[in-house]
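Shown next, in structure tokens, is the structure this report addresses.
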Amino acid sequence: MKALVLEEYNRLVVTEVPDPEPAPDEVLVEVRACGICGSDVHGMDGSTGRRRPPIIMGHEAAGVIESLGGDVAGWKPGERVTFDSTIYCGSCWFCRRGEVNLCDNRRVLGVSCAEYRRHGAFAEKVAVPARILYRLPDETGFEQAAMAEAASVAVHAVGRLSAAQGITAAVVGTGMIGLLVVQALRAAGCGRVVAVDLDQDRLSRARAFGADSTVRADHSDAAQAVWSLSDGRGADAAFEVVGNSAALQTAMGCLRKGGTLVLVGNLQPRVDLALQEVVTRQLSLLGSCASSGEYPTVLEMMAQRTIDVAPLISAVAPLSEGAEWFRRLYSKEQGLMKVVLRP
């Protein structure tokens, strides 16, 4: 089969590789669409340490079942499916609690790190465990379904709050996941959503997706602006969807005393944390990792357009053009959001 292979850092090549052979508990999926994730773009140059060549990246995908492993029941060839990016074992203590994103044996499609290598879906076919499969609603096309993974990350992050109904929330960072967080907050009944970013185009998108107010982080004291929009107290919750020290400080500054900070972005492995501010203002910090069972809800939300992913897709291109689209995303071409490749 043809696959887009990261042969060495910053070198992607479409080449012939052996077809994957599904294990007894796996299905072989003919890939119809696979989105380029920011983690793939950042991993391409080796900076994250989680895309060690050679590797077939890609974990945001949808397709059609081609064949089944010997132990698979309840599925049949020809069914339209998407699948989780997290391959969980299903038997560890965390999996038995339903916290599959915290699985002790967790693997991620399209990732190669010190602990494991698992080829992904920038290919004509991919083998995945049947337990991570989800059927697609008739209303959902393959390109949109490839966005389910990103949408599930956003819905999971909002679900980390004890309640979103009626609150004021700030979303710091309105890239792909941030814009989906805006939509998920609106769907959860959030009273006021304030989007904060350096990019005016992204802020305009946030407004279109339901943000009540937007704040340019470089044109004002962003935290103070958020406070003025929340009766002078600060936001009840803030979502940091970038993953660097500056965005973390902004998000913390937006919060009222006793507020909750949900950490979603992880661009940098370490950030500066104002510990005394957390303690003296009694802030709650919540990490949010991937998703944990939100796929059925997300697919229904997408089918009903409660979460609308179509406007986030900037381009749909053949796999043969993958290297060029990676280059354009890596160079931060203005206006580019999600690029979906079709094998």
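The values are calculated or read from the model by the stated rules, or taken from the named source; none is laboratory data. Please read all numbers here as calculations on a predicted model, not as lab measurements. Note that we place each Cβ from the backbone using ideal geometry, even for glycine, and neighbour counts take in every protein chain shown. All accessible areas refer to the heavy atoms of the entire protein, side chains included, with ligands and DNA or RNA removed. Shrake-Rupley method; radii C 1.70, N 1.55, O 1.52, S 1.80 Å.
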State in Å² the accessible area per residue of the chain; use a 1.4 Å probe, count heavy atoms of protein chains only, and round to the nearest integer.
-> 43 Å²
May I ask you to compute the full-extension gain from V278 to C113, defined as 0.36 nm times their residue separation minus their alpha-carbon distance, rounded to one decimal in nm?
-> 56.1 nm
Only Lys, Arg, Asp and Glu count, each charged at its Cβ (+1, +1, -1, -1), so figure out the dipole size of the chain about its Cα centre, rounded to 20 debye.
-> 660 debye
Compute the Cα gyration tensor for the chain, then decide on rounded, prolate or oblate, letting a ≥ b ≥ c be the square roots of its eigenvalues: rounded whenever a/c is under 1.5, prolate when a/b is larger than b/c in the other cases, and oblate in all that remain.
-> prolate
Within the range 43-138, list the GluC sites (Glu not before Pro) lying in a DSSP loop whose Cβ has at most 15 other Cβ atoms in a 10 Å radius.
-> E79, E99, E115
In the range 274-343, what GluC sites (Glu not before Pro) fall in a loop by DSSP, with at most 14 other Cβ atoms inside 10 Å?
-> E333
Working with all protein chains in place, sort D104, D212 by solvent-accessible area computed with a 1.4 Å probe, largest first.
-> D104, D212
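Using only the heavy atoms of the protein chains and a 1.4 Å probe, how would Y9, Y134 rank by accessible area, largest first?
Y9, Y134
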Area accessible to solvent at H119, 1.4 Å probe radius, in Å² = 90 Å²
For the chain, calculated [θ]222 nm from helices alone, where every DSSP H run of n ≥ 4 adds -39500 (n - 2.57) = -7000 deg cm²/dmol
Counting only DSSP beta bridges with both residues in the chain, what percent are antiparallel, rounded to the nearest 5?
-> 55 percent
Determine which residues of the range 1-33 fall in the zone a paramagnetic label at R327 would reach in this model, i.e. backbone nitrogen under 18 Å from the point 7 Å along Cα→Cβ.
-> 4-15
Amide H to amide H, which residues 5 or more places from V128 or on other chains are under 5 Å from it, using H placed in the peptide plane?
-> V27, V29
Chymotrypsin sites (Phe, Trp or Tyr not before Pro), restricted to the range 287-330: which are DSSP loop and have at most 10 other Cβ atoms within 10 Å?
-> none
The alpha-carbon center of the range 304-343 and that of the range 67-126 are separated, in whole Å, by 24 Å
